[in-house]
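Participant: Have a look at this one before I ask anything.
The values are calculated or read from the model by the stated rules, or taken from the named source; none is laboratory data. Quick caveat, the model's predicted, so the values are computed rather than measured. Methodologically, a virtual Cβ is constructed for each residue, glycine included, from the backbone with ideal geometry; neighbour enumeration extends over all protein chains shown.
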Amino acid sequence: AAKAGGDRQRRYDPGLDDEADAEARLGAELRAALDTGQFRLVYQPIVSLPDARIVAVEALIRWHHPGRGLVNPADFIPVAERNGLIVELGAWILTTACAQAVTWQRTHGAAAPARVSVNVSARQLAEPGFADVVAHTLAGTGLPAHHLIVEVTETAVFGGGQSVQTVKDLHQLGVRIALDDFGTGHSSLGLLHTVPVDVLKVDKSFVDTITMAGRHAVIATALIQVADGLGLSAVAEGVETAEQAAELCRLGYRLAQGYHFGRPVAEPDFHGVRTAVAG
Ligand code: C2E
Ligand code: CA
Ligand code: CA
Ligand code: CA
């Protein structure tokens, strides 16, 4: 049996080989995409409840591949994480989002949201000097530190390296820290003792069920109580219907994000009237 096992291990495995090839190919394409400007950022409104006023936007990356068309971040961010390109790509994302927020403030004045929220991956956060990169980007673009929100997951904060210290350094700079996908396996209560957090982003999965019959609003209710109790803001993610918005409002949520209020777009309509909350 031991011999057979050994044979199996040595046998050529076309499946794994193909996967490694595909990953390497995608990695090379990502490099080229960064060099030739195939990435764009889109921005999704984060609104206040119940008046649906835009108070911030979350920057989300899009890859317009010349052959494949639009590639989802879920299909390439993990690859960029593994091959390390996320460090350079992340720096581009940060600079582009901060510069855009400053431009909107100049062109739309008070109608434009003061704050921009940027997703930061585990690899970026673990990189020594990341807080310096952020400080440099703020100085270079002219965005005040308190207008930047950095979105991290618990997995990223506990990813090793400098991550925990970096979150503390960012907070010290005046940057706001948002805990993404809060309530899922990626984020939990223990982290709140370890790093300074300003915003809890309550995962879509808890919003999806709140208008269903039964006890489904229990977690969404518990999470807003945690946020209120600790003096943190809570953003309900993935709000798709007026009914969900109304229910969140009733539960005490004052911030929300989702297709009901606006999809991620290159240029959100800061002057438009949004549907607030169903009566
Ligand atoms: P996330 O940070 O949790 O972002 C929220 C995702 O939910 C986005 O998907 C957004 O388009 C989507 N979404 C927003 N509202 C709704 C809704 O009402 N219904 C539904 N079904 N979906 C909604 P997206 O843009 O495809 O991004 C997926 C994930 O990729 C993000 O999850 C984030 O983890 C990662 N990502 C996106 N952009 C960046 C980036 O610039 N840097 C890094 N490091 N990661 C990014
Ligand atoms: Ca996010
Ligand atoms: Ca999220
Ligand atoms: Ca997510």
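Participant: When the stretch 99-132 is examined, which residues are found to be in contact with a Gly (Cβ under 8 Å, 6 or more places away or on another chain) and either of a type outside the set (A, V, I, L, M, F, W, C) or in a helix (DSSP H, G or I) (or both)?
Facilitator: VAL102, SER121, ALA122, ARG123, GLN124, LEU125, ALA126, GLU127, PRO128 - these are the residues of the stretch 99-132 that are in contact with a Gly (Cβ under 8 Å, 6 or more places away or on another chain) and either of a type outside the set (A, V, I, L, M, F, W, C) or in a helix (DSSP H, G or I) (or both).
Participant: If you don't mind, there's one more thing I want to ask. Of the residues GLY90, GLY109, only one is surrounded by fewer than 18 Cβ atoms within 10 Å (Cβ to Cβ) and either of a type outside the set (S, T, N, Q) or modelled with pLDDT of 95 or more (or both); which?
Facilitator: It is GLY109.
Participant: Which of the residues belonging to the stretch 197-223 are within 16 Å of ligand 3 (Cβ to nearest atom) and either of a type in the set (A, V, I, L, M) or assigned to a strand (DSSP E or B) (or both)?
Facilitator: VAL197, VAL199, LEU200, LYS201, VAL202, VAL207, ILE219, ALA220, LEU223
Participant: Counting only residues that are among the small types (Gly, Ala, Ser) and part of a loop (DSSP other than H, G, I, E, B), which one in the stretch 171-186 is farthest from ligand 4 (Cβ to nearest atom)?
Facilitator: GLY174
Participant: On the given criteria, is LEU223 more than 16 Å from the chain's Cα centre (by Cα), within 16 Å of ligand 4 (Cβ to nearest atom) and crowded, with 17+ Cβ neighbours inside 10 Å?
Facilitator: In short, yes.
Participant: A further question on this structure: Within the stretch 204-226, which residues are within 15 Å of PHE182 (Cα to Cα), within 16 Å of ligand 1 (Cβ to nearest atom) and of a type in the set (Ser, Thr, Tyr)?
Facilitator: SER205
Participant: Being of a type in the set (Asp, Glu) and closer than 26 Å to ALA99 by Cβ is the filter; apply it to the stretch 149-197 and report the residue that is surrounded by the fewest Cβ atoms within 10 Å (Cβ to Cβ).
Facilitator: The extreme case among them is ASP169.
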